[in-house]
Amino acid sequence: MSERIAAAEELRTDRLWLRRPVEADVDVILAVHSDPEACAHNPSDALTRHEEAEELYRRWDQQWERHGYGYWVVGRHDQARQLGFCGIKPMELHGEPVLNLFYRFAPSAWGRGFAGEAAGAVTAWAATHVPDLALIARVRPANTASQRVAERAGLSRAPHLDTEGYDGFDWIYVARPERRPA
């Protein structure tokens with residue numbers, strides 16, 4: 001675990017719980033990441049086999065161990081069922097270290113503000129606990145729903161940072177300065 005921060009293995013919002021993934025979440029990782037709608041804008045993230053979901057879970061778990069943060073599993077307070085995932089991971093953008101904000105939800109959870117609520121909680125957590133790294137979101141130009149989630153989470157479009165991504169051209173959104181601690 002990172003010496004920089006204490007792990008926040010659980011976050012809560014008005015409607016949602018966010019918790020660190022456990023091995024029992026592999027089936028939900030596969031369900032969400034094998035849904036063609038959920039991966040339509042990021043086809044390289046699509047999974048087809050249980051072994052791939054197990055490997056993805058292991059990578060997520062290793063990130064938690066290494067950094068003390070990562071991707072959270074997201075669900076509603078009134079339900080045990082998982083809705084999707086939201087979190088951050090360190091990466092580089094144009095040679096600079098940043099945190100990438102990630103969110104992917106089952107299509108059955110779309111359209112109710114869950115992704116924006118979860119992304120807002122993760123953005124606030126990152127601003128407090130990892131303030132030395134800029135927070136960005138990489139979004140496909142055609143993915144208007146994901147653009148709205150990034151904006152609801154307090155990120156703004158930064159066209160000067162746009163770049164080629166894994167699955168095509170990425171629009172870059174950056175956390176606004178007022179969302180970061182002084």
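Any read-out appearing in this document is the output of simple, stated calculations on the displayed coordinates, not a laboratory observation. Please read all numbers here as calculations on a predicted model, not as lab measurements. As a convention, Cβ positions derive from the backbone with ideal geometry for all residues, glycine included, and neighbour counts pool all protein chains shown.
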Considering Cα pairs under 8 angstrom that are at least six residues apart, work out the relative contact order of the chain and quote it in whole percent. 19 percent
Per the rule of 0.36 nm per residue minus the C-alpha distance, extending ARG66 to ALA46 adds in nm 4.7 nm
For region 1-79, what class follows from the C-alpha gyration tensor (a ≥ b ≥ c being the square roots of its eigenvalues): rounded when a/c is under 1.5, otherwise prolate if a/b is larger than b/c, else oblate? oblate
Given a Förster distance of 25 angstrom, what is the FRET efficiency for ARG19 paired with ARG152, based on the Cβ-Cβ distance and rounded to 0.05? 0.70
Looking at the square roots a ≥ b ≥ c of the eigenvalues of the Cα gyration tensor of region 84-182, which shape do they give, rounded for a/c under 1.5, prolate if a/b is larger than b/c, or oblate? oblate
quick shape note, region 11-134: Cα extents on principal axes in Å, largest first -> 35, 32, 26
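With the radius of gyration and the Kirkwood radius both derived from the Cα set of region 32-75, what is their ratio Rg to Rh?
Over the Cα atoms of region 32-75, Rg/Rh equals 1.02.
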Can you give me the three principal axis dimensions of region 97-146 from its C-alpha atoms, in Å, biggest first? 35, 22, 13
Residue list for region 83-112, given a label point 7 angstrom along the Cα-to-Cβ vector of GLU9 and an amide N cut-off under 20 Å: 83-89
